[in-house]
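S.K.: If you scroll down you'll find the structure; I have some questions about it.
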Amino acid sequence: MQRFMMSTVQDFYAAINESSRLDFSTEEFGLIREEYSYSPKKAIGKYTQIEFKTWKIQHHKIDKINDVGRNYFLREKNKYIVLNMNSKNSLVWASKTQNIRLEPRSGIFFNIPKNQFKIENLDSLDFIIIEFKEAYFNQSIFNDSLRNYLKTILNSNDRFTFEITPNLTSIISEIFKKKSLGLCQLMDLNNKVFELLSTVIDFSSMPKKETTLHPYHKQLEKVKIQINENLETQFSIEALSKTAGLNTSYLKKYFKESYGITIFEYSQKKRIQYAKKLLKKTTFTIAFISEKVGYQQSAHFSYAFKRNTGLSPNQYRKKNNSTVIPQ
């Protein structure tokens, strides 16, 4: 399997910038915001970088990774938070002795990152790296007691993982929402960065739970199984609510809370995944595949497929299937 890796070979930010094109840049009061597109040879996707003198944040959204020969380095003296915003794919922090899997919609704090960081999926990635430089914790905004408290908490934890809560998602959204700069924007961003760090630190003192399952996890899993095992059928919410034993409103609400996506989004994602597999591995006609994944009309299937992948079914097949396709 191909991998997109970071290791102690070269600086992460310098290396990633070499593989991308600057689309947008603005700077004011020392606050820099830049938007990049990856070089198609390296990856298909974009990322946004917001940087101040004591911190830096990058949000990477990648549809596909094409190049795997590059290694990256996270500075050992700085502290990092890595957030896996993706609801499907995992990230893995790998060392010579163990792999730490960062599950979908979860984050990890690293006190001193020394190992390799690799992403083991080529479909879609959505992750954020927040870097706090040493000088961040020496600012005058921290009084001595707060500074000592932060250093005690952070230095006593080599790493800890946490769930990306709705509150944390809201903070992140606020950070990346505005493109305009200015003194007020700088002050607001500094406050949001501190709020993000404070929220993550709070997670370090929470008692560890064996699971973070939703109270209606079993009922919701029944719905997932119903969808997964019957991709040729497009179930109504009413039918799925009977499977779960929940009314339609609660089913929609709890499903989104538990998995981070709606039932429709989940169903379509599974259908597109199966369709991609059939297009890659078989010579079935497009019409036949569309029926196998729950679309009675191939035109509707083609529209949904292109909307999710950027390619028509035929284009995807020509790109990924080396077998001879019947006309």
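S.K.: Taking amide H positions as placed in the peptide plane 1.01 Å from N, state which residues far from residue 285 in sequence (5 or more) or on other chains have amide H under 5 Å from it.
M.R.: Correct list: empty.
S.K.: Between residue 318 and residue 169, what FRET efficiency comes out of the Förster formula 1/(1 + (r/R0)^6) with R0 = 30 Å and r the beta carbon distance, rounded to 0.05?
M.R.: Numbers: r = 38 Å, r/R0 = 1.26.
Efficiency, from the Cβ-Cβ distance: 0.20.
S.K.: What order, most packed first, do the peptides 286-298, 140-152 have when packing is the mean number of other Cβ atoms within 10 Å of each residue? Intermediate values should be presented prior to the final figure.
M.R.: Details: 286-298: 17.5, 140-152: 11.2.
Peptide ranking by packing, descending: 286-298, 140-152.
S.K.: How do 23-34, 268-279 rank on mean C-beta neighbours within 10 Å, highest first?
M.R.: Top of the packing list down: 268-279, 23-34.
S.K.: Would you calculate the separation in nanometres between label points at residue 242 and residue 282, each defined as 7 Å from the Cα along the Cα-to-beta-carbon direction?
M.R.: Each label point lies 7 Å from its Cα, and together they span 2.8 nm.
Readers should treat all values here as calculations from the given coordinates under stated rules, not as data from a laboratory. Remember, it's a predicted structure, so these values are computed and weren't measured experimentally. Backbone-built Cβ (ideal geometry, glycine too); neighbour counts: all protein chains shown.
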